[in-house]
Amino acid sequence: MRSRNGYALKRRSGSRMTLRAALLPFGIAACAMVVVATAAASAMYSNAATPSAAAQSGSLTYARADEPSKFDPQGVPDLATAQVLIQLYDQLVELLPGSDVPQPGLAKSWRITDGGRTYTFTLREARFSNGDRVTVDDVVFSLNRARSPKTDPGFSFLFDTIRSVSVRRPSTVAVRLSKPTPALLGYLSAPPGSIIPKAYFSQVGPKGFDKAPIGSGPFQLDEFTRGQRLVLKRNPYYWRRGKPVLDEVVQLYIPDDNARVLALRSGRVDAADGIPYAQLKSIESANNLRLLTKVAGIIDAIYFNQSGSPLRETKVRQALNHATPLRSINRVVFAGKAQVANSLIPRLRFWDPRVKPYDYSIPKAKKLFGSTPGFSVSLMIVGTDTASRQIAQIVQSSWGKLGVRVSVRAVDTATWFAELIKGNYQASLIPSGAGNSDVAEPDELLNLFWVADVLHMNHENTQVPALVKEASVTQDMSKRGRLLKRIQRLGLRDPYGVPIAFEPARMAMRRGVSGFDVVTPGWWRLETVRAGR
Amino acid sequence: MSLAKYLGARLSYAAIVLIVVTFVAFIMIRLVPGDPARKAVGPYASQESVDALRHELGLDQPLLSQAFVFMKDAARFDFGSSITQNATVASLVGPRIVPSLALAGAGLAIALVIATSLALAAARRRDTWIDHAIRGVSSVMLAMPSFWFGLILALVFGYKLGLLPTSGYGYTFGEHVQGLVLPAVTLGVAVAPLMLRTLRSSLLDTFGQDYIEAARARGLSNRRVVWRHALRNSLAATVTVLGVIVGYAVSGAVVIESVFAIPGLGSLLVSSVATRDFPVIQALVVLFGALVVAVSILNDLLYAALDPRVRL
């Protein structure tokens with residue numbers, strides 16, 4: 001290479017020079033292209049043209065923190081998946097907002113005979129979204145799938161008292177039980193009890209069904225782009241007249257709390273779920289938004305693994321309950337929107353509001369603690385959950401007043417879950433939103449915690465488990481109610497942990513949107529929602 | 001050494017590195033608490049159900065034989081199916097490569113523009129208040145958490161000014177570009193300080209060299225001196241940290257993808273680790289490992305191209 005005035009830079013090989021010479025201008029040109037392209041695109045597509053919030057009036061865009069993992073209703077639905085399943089499928093009986101008593105769903109009526117051991121359901125006229133009639137064969141097929149551990153490993157235990165499901169007449173199904181199970185209707189109203197089309201499922205198989213699910217619920221699945229969005233379209237054959245009100249629901253997946261709220265504020269979405277507690281007040285005061293908070297069947301609590309520790313003593317556990325400032329936690333962590341917990345399980349059917357929660361009193365706590373020497377306890381929390389971190393700090397300082405030294409063990413969600421299931425913990429806080437019941441009947445959680453002790457709490461109480469077993473087979477509703485209220489009271493007196501708060505479901509929406517309501521297990525029914533434009 | 005021989009040696013070395021990295025990640029994710037079979041069937045399923053699923057997934061085999069089966073399949077680019085989702089790993093990872101590359105590419109380009117302009121300004125006005133201001137700004141950019149800055153950008157440009165979407169990737173090319181602007185700027189600002197410091201100091205070194213003085217003495221304009229001589233030589237030094245920069249960009253992108261809901265590899269890695277979806281995690285480790293190795297080779301090639309004194 002020679003410059004114009006003869007100055008020469010020595011090069012050892014010509015090829016390198018060419019590579020270098022070509023590289024830099026290309027790099028600069030690429031940058032320029034990127035800058036120009038983004039500027040042009042921004043100018044061309046203004047915010048108003050973004051489809052979603054400004055689409056036809058029969059459509060609603062709704063932002064959620066999670067997305068479904070699968071569409072097989074008998075395939076272990078978590079709450080995020082249940083939220084979508086409940087729009088796609090019907091069950092024999094359904095939970096509607098405002099009541100924990102199961103209402104007629106695909107079964108228009110039923111008879112309970114033989115001391116509660118036989119249920120005879122009469123089906124109504126209904127069609128799946130592909131036009132096929134819902135028949136008794138579909139019901140038998142679906143319920144048998146639900147109660148088999150092979151096809152429904154996660155929730156078949158709910159149906160383990162079912163001995164047989166059979167067709168009685170062209171539109172009647174009989175379910176026979178090995179013992180009375182008053183919670184059965186509640187169990188059948190949960191997503192695992194969803195009715196799916198036998199013929200279609202047998203034709204496409206489980207994987208094919210998951211890719212293109214068919215149900216008889218208010219909506220059908222139109223599109224699912226994992227990691228981005230899910231589109232539900234109205235089911236033209238839905239049996240409830242006039243429902244759903246919306247033609248289409250677009251569910252956007254926005255996992256970051258702040259980004260989700262921003263999307264709502266900026267008008268990109270019409271509604272957003274899982275509003276962080278820190279933002280509740282500012283949304284309430286925003287005049288174009290509405291906030292809906294409703295206490296659902298979700299509890300926030302600390303569980304103890306009592307084996308071989310001072311936590312075995314009832315008095316110690318009572319003392320720790322008295323040493324936990326529940327009202328302060330509600331105010332600081334849950335913006336005052338939660339309810340102080342007066343029960344070890346969430347607010348479900350037969351919850352007694354008159355049972356008094358533990359009052360915060362260090363003198364009472366010290367008296368109960370008595371001469372027990374101070375001890376260390378490790379509190380396992382999900383480190384990424386803000387509410388958990390805040391509660392852990394508060395508890396650490398409060399219990400310290402009794403001489404109980406709390407060391408916080410912050411882990412990720414999967415580790416927390418694995419350790420909890422194995423019993424590898426001393427005390428563990430449930431992350432916000434995780435302590436939900438899958439059904440509105442208390443039997444599920446009472447049996448899992450008091451009788452089966454799935455979380456290895458190793459409590460030594462024998463009275464409450466016996467009462468739970470009795471309540472689970474008591475068909476007489478008023479006697480059952482009395483037993484369950486007694487269980488609540490006695491359980492709180494010999495608690496297997498520290499119940500903290502009943503958490504609310506939190507949804508915010510553009511003013512004009514109406515019809516959102518939540519049922520106890522924590523999902524929102526969308527067939528009554530109006531976009532209000 | 002000829003280019004072909006050099007590449008041949010580097011690639012075989014790279015293959016060994018990839019195998020070791022994959023093996024280590026494979027073992028590590030299985031040693032951490034968390035059983036994907038238990039996660040898949042839920043907390044209330046019986047131990048029999050969990051064991052049946054573990055058997056079906058081959059998780060009850062000895063670790064080394066599981067590793068061997070995985071390596072064998074991976075060599076044929078068969079990464080199996082996801083445990084938590086009804087899809088092959090390839091179908092989950094595939095669509096996410098382009099958004100991630102686009103984000104990383106745009107982010108690095110923006111970082112280069114920011115770093116080059118600021119470094120030049122600082123180096124040419126050494127020790128003036130401009131130089132100090134730029135170095136201060138660089139420290140602030142380095143210390144600032146990317147998720148916070150990203151949210152601020154979304155708040156200002158998305159919500160207050162309504163110019164860009166607050167999050168999301170969109171469905172058309174135009175929407176993709178729109179959706180990537182703010183995350184790319186966030187990433188660029190996060191990565192720029194790394195480039196800026198090395199570029200500034202290497203520019204200062206270069207400016208002091210004899211050949212620059214000689215060029216000036218011969219009457220070459222300042223612009224020509226800076227662009228054709230100083231910058232080219234200084235970039236060589238920056239390129240040596242390219243590997244570090246790309247690594248930083250990739251890990252920063254994980255957070256930024258979550259904040260802006262960009263369906264990229266980073267957010268897939270986060271969600272698959274949360275659910276202990278072993279096949280997806282393993283495939284992503286192989287992919288990221290290959291990326292780092294490729295960048296490392298590119299790094300050396302670029303450096304050799306930029307500096308003729310370097311022999312491959």
Please list, ordered by residue number, the strands (runs of 3 or more DSSP E) wholly in the range A:338-433 having 1 or more residues that are polar (S, T, N, Q) and in contact with a helix residue (DSSP H, G or I) (Cβ under 7 Å, 6 or more places away or on another chain). A:427-429
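Listed here are the residues, each with its yes/no results for (1) acidic (D, E); (2) modelled with pLDDT of 95 or more.
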position	(1), (2)
A:G193	no, yes
A:I196	no, yes
A:A199	no, yes
A:P213	no, yes
A:V250	no, yes
A:I254	no, no
A:A259	no, no
A:G267	no, no
A:D273	yes, no
List, please: which pairs have Cβ atoms under 7 Å, are six or more places apart or on different chains, and start with a residue in the range A:411-422 that is facing another protein chain (nearest Cβ under 7 Å) and end with one that is acidic (D, E)? A:A418/B:D35
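Per-residue answers, yes or no, for (1) β-branched (V, I, T); (2) free of Cβ contacts under 8 Å to residues at least 24 places away in the same chain; (3) within 16 Å of A:G435 (Cβ to Cβ):
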{"site": "A:E313", "(1), (2), (3)": "no, no, no"}
{"site": "A:L326", "(1), (2), (3)": "no, no, yes"}
{"site": "A:G336", "(1), (2), (3)": "no, yes, no"}
{"site": "A:V340", "(1), (2), (3)": "yes, no, yes"}
Can you name the residue in the range A:262-307 that is in contact with a Leu (Cβ under 8 Å, 6 or more places away or on another chain) and without any contact (Cβ under 8 Å) to a residue 60 or more places away in the chain and is also least open to solvent (accessible area, probe 1.4 Å) among such residues? A:L262
Could you tell me which residue of the range B:206-256 is farthest from B:A122 (Cα to Cα), considering only residues that are among the polar types (S, T, N, Q) and open to solvent by less than 40 Å² (accessible area, probe 1.4 Å)? B:T238
Would you mind telling me which numbered condition in (1) over 21 Å from B:L194 (Cα atoms); (2) surrounded by 21 or more Cβ atoms within 10 Å (Cβ to Cβ); (3) not small (G, A, S) B:L118 fails? (1)
Examine the range B:106-118 for a residue that is in contact (Cβ under 8 Å) with a residue 12 or more places away in the chain, more than 8 Å from chain A (Cβ to nearest Cβ) and closer than 30 Å to A:L420 by Cα, and state whether such a residue exists. no
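Per-residue answers, yes or no, for (1) surrounded by fewer than 18 Cβ atoms within 10 Å (Cβ to Cβ); (2) more than 9 Å from chain A (Cβ to nearest Cβ); (3) out of contact with any Gly (no Cβ under 6 Å at 6 or more places or on another chain):
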site: B:F260; (1), (2), (3): no, no, yes
site: B:P263; (1), (2), (3): no, no, no
site: B:G266; (1), (2), (3): no, yes, yes
site: B:D277; (1), (2), (3): no, yes, yes
site: B:I281; (1), (2), (3): no, yes, yes
site: B:V285; (1), (2), (3): no, yes, yes
site: B:A290; (1), (2), (3): yes, yes, yes
site: B:A294; (1), (2), (3): yes, yes, yes
site: B:I297; (1), (2), (3): yes, yes, yes
Filter the range A:187-216 for residues that are open to solvent by less than 10 Å² (accessible area, probe 1.4 Å) and more than 16 Å from A:P77 (Cα to Cα); the one that is farthest from the other protein chains (Cβ to nearest Cβ) is A:S216
Given the conditions (1) under 18 Å from B:A283 (Cβ atoms); (2) open to solvent by less than 50 Å² (accessible area, probe 1.4 Å); (3) within 14 Å of another protein chain (Cβ to nearest Cβ); (4) more than 29 Å from the chain's Cα centre (by Cα), report the number of the one that B:G58 does not fulfil. (3)
Do any residues in the range B:1-26 that are within 16 Å of B:F70 (Cα to Cα) have Cβ atoms under 8 Å from those of residues that are loosely packed, with under 12 Cβ neighbours inside 10 Å, where the two are at least six apart or on different chains, and which pairs are they? none
Scan of the range B:175-219 for residues that are over 17 Å from the mean Cα position of the chain (by Cα), within 17 Å of B:P263 (Cβ to Cβ) and of a type in the set (G, A, S), ordered by number: B:G179
Which of the residues belonging to the range A:255-276 are in a helix (DSSP H, G or I), closer than 19 Å to A:T384 by Cα and within 7 Å of another protein chain (Cβ to nearest Cβ)? A:N258, A:A259
When the range A:120-135 is examined, which residues are found to be of a type outside the set (F, W, Y) and either assigned to a loop (DSSP other than H, G, I, E, B) or free of Cβ contacts under 8 Å to residues at least 24 places away in the same chain (or both)? A:R124, A:E125, A:A126, A:S129, A:N130, A:G131, A:D132, A:R133, A:V134, A:T135
Which one of the conditions (1) open to solvent by 40 Å² or more (accessible area, probe 1.4 Å); (2) of a type in the set (G, A, S); (3) in contact with a Pro (Cβ under 7 Å, 6 or more places away or on another chain); (4) at the interface with chain A (Cβ under 9 Å from one of its Cβ atoms) does B:A52 fail to meet, given that it meets all the rest? (3)
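For the range A:356-365, check the following and say yes or no: at least one residue is among the acidic types (D, E) and either in contact with a strand residue (DSSP E or B) (Cβ under 7 Å, 6 or more places away or on another chain) or within 14 Å of chain B (Cβ to nearest Cβ) (or both).
No, because not a single residue in the range A:356-365 is among the acidic types (D, E) and either in contact with a strand residue (DSSP E or B) (Cβ under 7 Å, 6 or more places away or on another chain) or within 14 Å of chain B (Cβ to nearest Cβ) (or both).
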Within the range A:136-146, is there a residue that is within 14 Å of chain B (Cβ to nearest Cβ) and buried (at least 24 other Cβ atoms within 10 Å of the Cβ)? yes
Pair list, Cβ < 7 Å and 6+ apart or interchain, from the range B:265-288 residues that are at negative phi to residues that are open to solvent by less than 10 Å² (accessible area, probe 1.4 Å) and charged (D, E, K, R): B:G266/B:E257; B:S267/B:E257
When the residues of the range A:342-364 are filtered to those that are touching a residue at least 40 places away in the same chain (Cβ under 8 Å) and basic (K, R), which remaining residue is nearest to A:F502 (Cα to Cα)? A:R347
Mind checking whether some residue in the range A:153-163 is at negative phi, surrounded by 15 or more Cβ atoms within 10 Å (Cβ to Cβ) and away from chain B (no Cβ under 14 Å)? yes
Scan the range B:151-169 and give yes if some residue there is more than 9 Å from chain A (Cβ to nearest Cβ), surrounded by fewer than 22 Cβ atoms within 10 Å (Cβ to Cβ) and within 20 Å of B:A109 (Cα to Cα), otherwise no. yes
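Being assigned to a strand (DSSP E or B) and farther than 30 Å from A:L232 by Cβ is the requirement here; does A:V468 meet it?
Answer is no for this residue.
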Over the range A:462-507, the set of residues under 11 Å from A:W450 (Cβ atoms), free of Cβ contacts under 8 Å to residues at least 40 places away in the same chain and open to solvent by 10 Å² or more (accessible area, probe 1.4 Å) is A:T462, A:Q463, A:P465, A:A466, A:L467, A:K469, A:L490
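Having 3 or more residues that are closer than 29 Å to A:V269 by Cβ is the bar; report the strands (runs of 3 or more DSSP E) wholly within the range A:154-246 that clear it.
Numbers: elements: A:162-169, A:172-177, A:219-225, A:229-234.
Result: A:219-225, A:229-234.
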Determine whether the range B:156-167 contains at least one residue that is part of a helix (DSSP H, G or I) and of a type in the set (S, T, N, Q). no
By residue number, the members of the range B:170-179 that are open to solvent by less than 20 Å² (accessible area, probe 1.4 Å) and in contact (Cβ under 8 Å) with a residue 12 or more places away in the chain are B:Q178, B:G179
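The values are calculated or read from the model by the stated rules, or taken from the named source; none is laboratory data. Since the structure is predicted, the reported quantities are computational estimates derived from the model, not experimental observations. All Cβ positions, glycine included, derive from the backbone under ideal geometry; neighbour counts span all protein chains shown. These accessible areas exclude ligands, DNA and RNA; they are computed on the full protein's heavy atoms, side chains included. Shrake-Rupley method; radii C 1.70, N 1.55, O 1.52, S 1.80 Å.
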